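Just below is one structure, and these are the notes that go with it.
Taken together, the values in this text are just the output of simple stated rules run on the coordinates, not laboratory data. Computed from a prediction, not measured in an experiment: that's the story for all the values here. Positions of Cβ are generated from backbone atoms using ideal geometry, with glycine treated the same way; all protein chains shown enter the neighbour counts.
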Amino acid sequence: MADKSYTFRVDWIAKKGEPPGELSTGAGLKPEFWAALIASIVCFIAPLLVLQLKKSVPLRLDANGVTMRNGRTFPWNELQHIQFVSVRRRGETRESSARLSFRTGRADIIYGRIKNDYEVKPILQALAQGRNPWA
């Protein structure tokens, strides 16, 4: 003899198509549609965010100023302030990046993304103290 709740459930599925108490995706849209929609949004928005981040990352620091990847240059005399950003991981706080704010824009220096951070960090420290590191 079959359990009555099981037979009720089978009868309900046969008549209605969905068992009671289960979630419906609504409007006849299948879960595959929603998965494809979310995946396409992620695949199109993520590259745009990366491109936006690359716009604020400088190509070169020299005695004239900061040269961005698009060729734009921010001279040192327009530097307003430097903000050092720290992150905390596993109870340890360390400096991860620096944001240089100029009158006409900003430049973000992310230490993990550059090869010569051992040269860049002293330059930024000198600039933050108001000294000219190239003098």
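Rounded to two decimals, what ratio of Rg to Rh does the stretch 57-128 give with C-alpha atoms and a Kirkwood Rh? Before the final figure, lay out each step's value.
Working: Rg = 12.4 Å, Rh = 12.7 Å.
Taking Rh as the inverse mean 1/r over Cα pairs, Rg/Rh reads 0.98.
Which value in nm describes the separation of the simple spin-label points at Arg89 and Thr67, placed 7 Å from the Cα toward the beta carbon?
3.1
Assuming R0 = 30 Å, what is the FRET efficiency of Ile41 and Ile110, from their Cβ-Cβ distance, to the nearest 0.05?
My answer for the efficiency is 0.70.
Just to be sure I understand the model, the point goes 7 Å from the Cα along the line to the Cβ. What's the resulting Lys30 to Arg131 distance in nm?
My value for the distance between the label points is 6.8 nm.
If you filter the stretch 47-104 for trypsin sites (Lys or Arg not before Pro), then keep DSSP loop positions with at most 10 other Cβ within 10 Å, what is left?
Counting only loop positions with at most 10 other Cβ atoms within 10 Å, the trypsin sites (Lys or Arg not before Pro) in the stretch 47-104 are Arg90, Arg103.
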